[in-house]
Each structure stands twice: as C-alpha cells, then as structure tokens.
1. Looking at LEU163, LEU125, LEU107 in this structure, which one is in a helix (DSSP H, G or I), more than 23 Å from CYS192 (Cβ to Cβ) and within 13 Å of the ligand (Cβ to nearest atom)?
2. If you check VAL465 against the conditions, is it more than 17 Å from ARG105 (Cα to Cα) and in contact with a Leu (Cβ under 7 Å, 6 or more places away or on another chain)?
3. Can ALA406 be described as touching a helix residue (DSSP H, G or I) at 6+ places or on another chain (Cβ under 6 Å) and more than 11 Å from the ligand (Cβ to nearest atom)?
4. Looking at segment 500-516, can you tell me whether even one residue there is part of a helix (DSSP H, G or I) and not small (Gly, Ala, Ser)?
5. Kindly provide the set of residues from segment 325-352 that are surrounded by 19 or more Cβ atoms within 10 Å (Cβ to Cβ), closer than 24 Å to SER405 by Cα, small (Gly, Ala, Ser) and within 8 Å of the ligand (Cβ to nearest atom), ordered by number.
6. Sort through LYS425, LYS458 and tell me the only one that's within 18 Å of CYS541 (Cα to Cα) and in contact with a Gly (Cβ under 9 Å, 6 or more places away or on another chain).
7. Among the numbered conditions (1) within 15 Å of PHE230 (Cα to Cα); (2) surrounded by fewer than 17 Cβ atoms within 10 Å (Cβ to Cβ); (3) under 21 Å from the mean Cα position of the chain (by Cα), tell me where LEU312 comes up short.
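The values are calculated or read from the model by the stated rules, or taken from the named source; none is laboratory data. Please read these numbers as outputs of a predicted model, since none were measured by experiment. Quick reminder, even Gly has a Cβ in these numbers, built from the backbone with ideal geometry, and neighbours come from all protein chains shown. Note: areas computed on protein heavy atoms with side chains; ligands, DNA, RNA excluded. Shrake-Rupley method; radii C 1.70, N 1.55, O 1.52, S 1.80 Å.
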Amino acid sequence: MAADLTAKNANALQFIEEMTRNVDVVQQRVLAEILSQNSETEYLKGFGLGGATDREAYKSKIPMTKYEDIQPLIQRIANGDRSPILSARPISEFLTSSGTSAGERKLMPSIKEEWSRRQLLYSLLMPVMDQYVKGLDKGKGLYFYFIKAETKTPGGLLARPVLTSYYKSDLFKTRPYDPFNVYTSPNEAILCEDNSQSMYAQMLCGLYERRQVLRIGAVFASGLSRAIRFLQLNWKTLARDIRTGSVSPKFTDPSLRDCMARIMRPDPELADFITRECEKDVWEGIVTRIWPNAKYLDVIVTGAMAQYIPTLDYYSGGLPKSCSMYASSECYFGLNLKPMCDPSEVSYTIMPNMGYFEFLSGGGELVELADVEVGEEYELVVTTYSGLCRYRVGDILRVTGFHNSAPGFRFVRRKNVLLSVDSDKTDEAELQAAVEKASGLLGKATSVVEYTSYAETKTAPGHYVIYWELMGELAPEEGAVERCCLAMEEALNAVYRQGRAADGSIGALEIRLVRSGTFEELMDYALSKGASINQYKVPRCVTSAPIIELLDARVVSSHFSPSAPRWSPERRF
Ligand code: AMP
C-alpha cells in the first residue's frame, strides 16, 4: 500500500482513538458549539437560554422533544420563513426520514456544513475495515445504490432522503480517487431516477467486472436481497446483452445510455458462464460463484434487517456480513469498530463529534453519552448542529461495552414499529386504521373478527401478510378481498406506498383468510406457552415460526393487492 494511504488510514484510526478517549470533553465542546452557533434562534431564545452554552443551563431550560412538538416550526421553514427559527445557519434542504408523522415522511432540517461532518464519518469506515480485511484497495466494490424522487416545499426548499442528497452532491459525484472506494457502478447508474434502469445497469457492470469485485453491498439487507432476486429474474436478458455487447433499449435515460455505450462490449465467454451458473435449479451460493473474490457483504443486517440474514446466507454461502455504520436523516451517529463480527455481536460506537447525545433510560432519566451503563437500554436523544434540540430519534439501544471511554451500542429496535420489510415502518395504529378502512369494503354480511400480520421476507421483494378471520354466513364476493388488500395499501403511510409504487422494494400486500376459530386456537397456543388468560391480547404482528405455521395451516384462501397504491413525490405540506 502506498505510503500516503497508510498515513491516511493511520490518521483516521488516530482520530477514532482521540474521539473515543475524550468522549465527555468532546460532547461538552459540541454542545457549546451548537448553542453558541444557535444562540439567536427563536427556539433557544424562546426557552430563555440567554446565550448560555453549558449543559446545566441547557438541560434545565430546554425540554426533550418529539417531531410533533416542532412540526409547526418545521412547517414555517417549509413555507419559506427564512428567519433563524431552529438554526442560525440557513436551512439548505429537508432530509425526509423513513419515519412518518400523520402518514408523511418527517422533514429533518439540514445545513450545508453538516455534510463535512457526515463525510468525516464515511472516511473512517475503510480504515477500520482495512485492519481486518487486507487488500481491499486492489479491487472494487459492487454496491447497489439508488436515489429516490425529490420534491420542493412551498417555500422552495428541496425535500429528499439523505442518501439521495448525498449521491447527488459533489462530495459523492466528484469524489477524489481513493483505491479503497472504487465502485463498479458508474455515477450515471446510481443517479438514474428510474430504479429499474439503474438496477439493470449496476448489475451489468457488476457482472462485467466480476473478478475485480472484492465486496458486495447495498445500504440495507433488503436492497441486496432484491438485487439477487433481480439477477434471478433477468439473467437471460443480461447474458444476451453481454454476449452481443449491445446497449439495451431499456436505457432510455440519455446519460445512462451514453455511459453504458462506453461500457458494453461483447463477451460471449462471460455470457456462457452466467448462463451456466444461473440456469442451475439451485441458487444456493450463487453470489460467490459469480463473484468468487468477494470477501464479505457490506449491508446493514441489524434491527429490522436481521430478518434477511438467512436469505443472504443462503445466496452467498455464508459470506461474512459487515454492518459498518449507524446513521439517520437527523444525524449520523457512529460506526462499528469490529465490522467483521457476527451480526448478533454488532455494536456501534457513537462518535461524540457528530452531535450532542443523551440517553433516555427506562426510568425517564436523561444520561450523558459517557455515563450510560453496560447492559442498560436507552432511547437515543440528539441535539444537532442543524437545530434539533433534545430530539427523540425513536431508536432503542443497549450498551454492550466500551472502547476507551466510548460506549458501544447494540441496535435493539425502533420504537412502535410493527411491520417493516424495507425502510417502511408501520406501527400498530396505522395497521389498525388500514384494517378498519379495508374491512368496510366487505359489505354488511361479513366483518373482520380478528386479525394479525407478519412481514414475509423470504421472497424478494418482501411483502406484508395480513391474516383475517371473518364473521358471517356469506363468503366475500369474487374480488372483494383483493379490493380490501389495495384499500389497506392506500391507507398505509407514504414510505410504504413509495416502496410499493415507485421503488419496487415492497411486494403486493396479501390477505390470508383463516377459518373460523383460528384466533381462539392462537390464544390456546399462547396460554399453553404460559400467557395469562386475563392479560392475553391478540398479537397484531407475529414473528415466531410455530405461530406462523399454525396460522398458515388454517388458511382458506389467499388474496393479493391487484395494483400498486397511489403515491407521488408531491406531499401534503
Ligand atoms: P431514516 O429515518 O430514514 O433516516 O433512517 C434512520 C433509521 O434507520 C435509524 O433511526 C434507525 O432506526 C435505522 N438504522 C440506521 N442505521 C441502522 C443500523 N446500522 N442498524 C439498524 N437500524 C439502523
């Protein structure tokens, strides 16, 4: 490795050491910086902080907040009010979170300067990885990255997901050459708004360079599982294009088309190889057969994504899975200092320079980053340079240990999420409302007595399965339950509908009708496992295999949504 690369990596590791040795000092400094930068904001002045920059004043004057508390202020910024409301620095755009409020993505304010902080966190990932896997500068990464549609607020600010903003920024597009971060996907493919053209191009490029590929990834495990499924459905066309070297008419995006014209070349040998491997009935280990030099999968498999581990293991023959970072639209948090560890062991170390972090304990106490206790669970609360103050992110984390004085956190779960197959997060109230809306279509003779659900992710893309037990003499008329499926989808939040309608990352919702008495059997089963009869409630989501088997054994008929629900990038402001 060239000397300057060694030095660059060593500097990054040195930075991590400094940050993790001085957690509390850095946190104090970060809070002071944020508060002095924002001392004149309407928000901080409104609580009478009076320019103070110390923790005690901050904690005594500024309350903990949820999105709904600050939503009216966000709305004013969205409408074009440029006065310093939350942030003294101009809000440059809104980052749209996959968490929703009243069915729409939450809008997180962002300032230009924030990108250098986020970039700094990205720059630490490969130096950490290089400690465990050598030679990653000698090949490429096959990463499936996508952008999503963006929209403008009434006041003219862009609103888009954080990664869309990043991929479209010069930081990404004109990044300097770094041998550790060479991707097979050209920028034109990542930046193509049409997901299916983008996927097709990224897969083609990954196939052409299959021997150079040293790691394969996507942001979340759901994305990688979808890419494998895409190969399964499209290998014949991909092999044909590779055989002839001609540019597929699929590429209607002009810049992607030009780019692919430069890349495509006839390679009959490769086409034969792909055909031989893909036409086999068994797809076990397909990833390592096609990309024999891949050393690991770089995807998040923690939190809700853990459900994809068996699928990824099957297709990759158990390649190690690396979860490198923990981040959100609100703030980037930290990284996994042991990226090659088993998914069940993943801990993220929050970098104290990214924002000011507090931890809400079960007892309602807010604890400093340096003071959390091993084994305890906390909800993450952030104060950001962009103007969020003591904001509840909704993630529940458990402290696993310390690196120097920096705690490591296991991602336990996201609060209130019942169902998730991709970045969608459906809570119990949303599911209930959707069931109520849909069951209204059944007519007077029939109604839903009980329901539960589960996220089916063994097939890609994953989809929601809703079990319904009906009451009534009459079976629903032909097509009625299908209409209920669609009505449920229409009633779900914008992230779900976008995944279904625009990204293809969520499959059609399925209602399985179960025979009468099934939910009583479900209760009997729970009681036999020790549940108390007085406290028994029908679970609105089931995850354990025996319960799913019990339900599936009683299915009378199964129905799918016949079309995608409505979704448009425009939103209600
Ligand atoms: P978003 O709100 O769309 O910006 O997504 C951020 C959320 O995704 C976080 O608050 C977490 O709930 C989840 N998330 C991000 N990184 C990870 C990770 N490494 N493991 C598990 N969940 C994650």
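1. Values: LEU163 fails: more than 23 Å from CYS192 (Cβ to Cβ); LEU107 fails: in a helix (DSSP H, G or I).
Residue meeting the stated conditions: LEU125.
2. Working: more than 17 Å from ARG105 (Cα to Cα): yes; in contact with a Leu (Cβ under 7 Å, 6 or more places away or on another chain): no.
Considered against the rule, which asks whether it is more than 17 Å from ARG105 (Cα to Cα) and in contact with a Leu (Cβ under 7 Å, 6 or more places away or on another chain), VAL465 comes out as no.
3. On the way: touching a helix residue (DSSP H, G or I) at 6+ places or on another chain (Cβ under 6 Å): yes; more than 11 Å from the ligand (Cβ to nearest atom): yes.
It is true that ALA406 is touching a helix residue (DSSP H, G or I) at 6+ places or on another chain (Cβ under 6 Å) and more than 11 Å from the ligand (Cβ to nearest atom).
4. The first filter runs over segment 500-516 and keeps only residues part of a helix (DSSP H, G or I), leaving 500-503.
Now drop any that are not not small (Gly, Ala, Ser), which leaves 500, 503.
Checked against the condition, which is being part of a helix (DSSP H, G or I) and not small (Gly, Ala, Ser), segment 500-516 yields at least one hit.
5. Hit for segment 325-352 is ALA327, nothing else.
6. Working: LYS458 fails: in contact with a Gly (Cβ under 9 Å, 6 or more places away or on another chain).
Of the residues listed, the single one that is within 18 Å of CYS541 (Cα to Cα) and in contact with a Gly (Cβ under 9 Å, 6 or more places away or on another chain) is LYS425.
7. (2)
The rows are residues; the columns are (1) more than 15 Å from the ligand (Cβ to nearest atom); (2) among the aliphatic types (A, V, I, L, M).
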{"residue": "ARG414", "(1), (2)": "no, no"}
{"residue": "LEU419", "(1), (2)": "no, yes"}
{"residue": "LEU431", "(1), (2)": "yes, yes"}
{"residue": "ALA438", "(1), (2)": "yes, yes"}
{"residue": "LEU441", "(1), (2)": "yes, yes"}
{"residue": "LYS444", "(1), (2)": "yes, no"}
{"residue": "VAL448", "(1), (2)": "yes, yes"}
